[in-house]
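Notes follow the structure.
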Amino acid sequence: MTMELVRPVPAWALRASLALLSAATLAVAFAGTGPRPPAVLVVGFAALVGAAVLVPGLGLAALVVLVAGTRLLVSDPPALGTLMVLVLLVHLTLWAGAVCARTSWRTLVEVAVLLRGLREVAIVQVGAQLLAVLAMLLVGTTEGDLWRAAGLLAAIILAAAMLPRPTA
């Protein structure tokens, strides 16, 4: 069946956006204080981003998010603005990974379909950004690390529950 699309977006553009979002997520996560990753690790991150783009069905975008989250857990707390940008990038990376996982290289996706998905991401962002602000307020408390870990776990559970699933 062939459909006439009004404003099609090619799959290569979707995958390029996944690459940019994944790279930006890792860059923001590692831009804060603390040691910089060694060159071999940067090469590994580049390979991870490449694999996430080439074979998005493996869910490697989630591994990118896991790497970024792990960096946050083991380093000093980032500035609030950095954390908020990172939360946005995490959601966009996971969304782009899910969209790319449902497309082949020859797929064209209507812009309206993508905008609808982005609206869903925006709805999740409201709560996620509020949780990020709350987590930053609790960083100075003695139980701050526990709250950070609980927040990360809650974010993973929310992402798993809210992201669209491929249909058969």
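The values are calculated or read from the model by the stated rules, or taken from the named source; none is laboratory data. Values in this document were obtained by computation on a predicted structure and should not be read as measured data. FYI the Cβ positions are ideal-geometry reconstructions off the backbone, even for glycines, and counts take in every protein chain you see.
A few remarks follow.
- Counting the residues of region 46-61 that are surrounded by 19 or more Cβ atoms within 10 Å (Cβ to Cβ) and among the aliphatic types (A, V, I, L, M) gives 5.
- Within region 32-45, being modelled with pLDDT under 90 and either surrounded by 13 or more Cβ atoms within 10 Å (Cβ to Cβ) or on the phi > 0 side of the Ramachandran plot (or both) holds for Gly32, Gly34, Pro37.
- Within the set Ser75, Ser104, the sole residue that is surrounded by fewer than 14 Cβ atoms within 10 Å (Cβ to Cβ) and touching a residue at least 12 places away in the same chain (Cβ under 8 Å) turns out to be Ser104.
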